[in-house]
Amino acid sequence: MEQNKIKAYQTLIYQTLIYQAFLDIRVIASKLAHPSVVDVEDAKRSSLLIFHMTNAFHNLALSLAEDTVSNCEDDFWSKIKFINEKFPEAIHYKDIFNQLIQNSDC
């Protein structure tokens, strides 16, 4: 596959991950915005999860915009690994990524 097409697939796949992360953050944040019962520890944990997710995906989006995703890829996946270890309930973005790659003919 020509290099431009591979880059386009890579960008599309990462953009899909970023969009999924925004949806996930929206769900977590909505629980914080409309709590039925206030649980301080749960709110703190959710806030930390949102922080780590937004940090990882912000840097990824910035790298895509600057066309340097290959330079930050290891850092991004390291942050995602940390999130999954610290917050096992979080979405496993590496699984989504692998599924997208498998279905993309890359």
Computed over the chain: longest principal axis from alpha-carbon atoms vs helix 3-33 long axis, angle to nearest 10 degrees, is 10
Any GluC sites (Glu not before Pro) in the stretch 25-106 that lie in a DSSP loop and have at most 11 other Cβ atoms within 10 Å would be Glu66, Glu89
A correct Stokes-Einstein calculation for the chain, using the alpha-carbon Kirkwood radius, 37 °C and 0.692 mPa s, returns a whole-number D in µm² s⁻¹ of 221
If the label point sits 7 Å along Cα→Cβ of Ser30, residues of the stretch 59-90 with amide N under 18 Å come out as 90
Computed for the chain: size of charge dipole around the Cα centre, +1 on C-beta of each Lys and Arg, -1 on C-beta of each Asp and Glu, debye to nearest 20, value 200
Excluding residues fewer than 8 positions from Lys7 in its own chain, the lysines with Cα under 27 Å of it are Lys79, Lys81, Lys94
Computed over the chain: longest principal axis from alpha-carbon atoms vs helix 93-102 long axis, angle to nearest 10 degrees, is 30
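Every number in this text was worked out from the coordinates using simple rules, so none of it is lab data. This is a predicted model, so every value here is computed, not measured. Virtual Cβ from ideal backbone geometry, glycine too; neighbours counted across all protein chains shown.
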